[in-house]
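A.B. asks: Here it is, the structure in full.
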Amino acid sequence: MTDDTPSRHDRVRRHRTPGVANSLAHWTRARSPLRVAINYVVVWLVRISPSLRLKRWLLRRIGATVGTGVSWGLEATPDVFWPDLITVEDHAIVGYDATLLCHEFLQEEYRTGEVVVGERAMIGAGAIVLPGVEIGAGASVAANSLVTRDVEPGATVAGVPARPMDGESLEKE
């Protein structure tokens, strides 16, 4: 995640949709309605279950890559359309009511991109991570932040959009 690392926009796939209707109107062509319905039920169970072991098992069943010892908070939501684009590495924490999105439905296209949460990274309550974002190992995302860019390993970010909290980065702004 240095200056030569591609941005999330470089890692997101664009899928054009035909006609005048917005891309969400074409969702059944983007993903099987049956697959989305199954994912929805599983995601609902993941959101309400207090068992971390059950959450990890369920997330793996819908295609997410979930490492050892991952803690997935109550009400936290993985992408319902493309959970298979999520990777949460060992001992990471996804906090209460956080959301990991792997898709964006826009007017003339929809976009998909992997979300990677590094080993021992922490995502705070209510945070939203957008498609294509990589959160480095040991990084922290503050509660209610909107993560639109990659987060360097060990960094702490906060805000809407999320920005680094270290003094050096704040002086540059």
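A.B. asks: Once the dipole of segment 6-98 is set up with Lys and Arg at +1 and Asp and Glu at -1 on Cβ about the Cα centre, which of PHE81, ASN39, ALA21 lies farthest towards its positive end?
C.D. replies: Checking the options against the dipole of segment 6-98, the answer is ALA21.
A.B. asks: Right, another one. Which value at 222 nm does the chain reach when only helices count, each DSSP H run of 4 or more adding -39,500 (n - 2.57), with the total divided by all residues and rounded to the nearest 500 deg cm²/dmol?
C.D. replies: Details: 5 runs with 40 residues, N = 173.
Only helices count here, giving -6000 deg cm²/dmol.
A.B. asks: Kindly provide the pair-distance distribution of segment 36-135 built from C-alpha pairs, with 10 Å bins from 0 and whole-percent values in order of increasing distance.
C.D. replies: In whole percents, the pair-distance histogram is 18, 56, 23, 3, 0.
A.B. asks: Show the residues, 5+ positions off or on another chain, whose built amide H is closer than 5 Å to the amide H of GLY138.
C.D. replies: Amide H neighbours of GLY138: GLU119, ARG120, ALA121, GLY154.
A.B. asks: Per residue of segment 130-141, what does 6.51 cos²θ - 1.76 cosθ + 1.60 with θ = phi - 60° give for ³J(HN,Hα)? Whole Hz please, x for Gly and Pro, Karplus curve as stated.
C.D. replies: Per-residue couplings from phi come out as 8, x, x, 7, 10, 9, x, 4, x, 6, 10, 10 Hz.
A.B. asks: Quick one: of the DSSP bridges fully inside the chain, what percent are antiparallel, nearest 5? Present the calculation step by step, with values, prior to reporting the outcome.
C.D. replies: On the way: 9 of 31 bridges.
For the chain, the DSSP antiparallel bridge percentage is about 30.
A.B. asks: Can you compute the equivalent ellipsoid semi-axes for the chain, i.e. the square root of 5 times each eigenvalue of the Cα gyration tensor, sorted largest first and rounded to whole Å?
C.D. replies: Details: eigenvalues 131, 96, 32 Å².
Whole-Å semi-axes of the equivalent ellipsoid: 26, 22, 13.
A.B. asks: Looking at ILE135, HIS103, ALA158, which one has the Cα that reaches farthest to the positive end of the dipole of segment 75-173 (charges on Cβ: Lys, Arg +1; Asp, Glu -1)?
C.D. replies: Farthest towards the positive pole: ALA158.
A.B. asks: Here is a further query. Return the inverse of the average 1/r over all pairs of distinct C-alpha atoms in segment 99-155, which is the Kirkwood hydrodynamic radius, in Å to one decimal. Display every interim value, and only then the final one.
C.D. replies: Numbers: mean 1/r = 0.0877 Å⁻¹.
Every distinct Cα pair counted, the radius reaches 11.4 Å.
A.B. asks: Given Cβ point charges of +1 (Lys, Arg) and -1 (Asp, Glu) and nothing else, what value in debye, to the nearest 20, does the dipole of segment 1-150 about its Cα centre take?
C.D. replies: Details: 17 positive and 16 negative charges, 128 e Å.
With Lys and Arg at +1 and Asp and Glu at -1, about 620 debye.
A.B. asks: Among 47-58, 131-142, how do they line up by average Cβ neighbours within 10 Å per residue, starting with the highest?
C.D. replies: On the way: 47-58: 14.4, 131-142: 22.7.
The most tightly packed comes first, giving 131-142, 47-58.
No lab work stands behind these numbers, since they all come straight from the coordinates. This structure is a prediction, so every number in the text was calculated from the model and none was measured. Please note: Cβ atoms are built from the backbone with ideal geometry, for glycine as well, and neighbour counts cover all protein chains shown.
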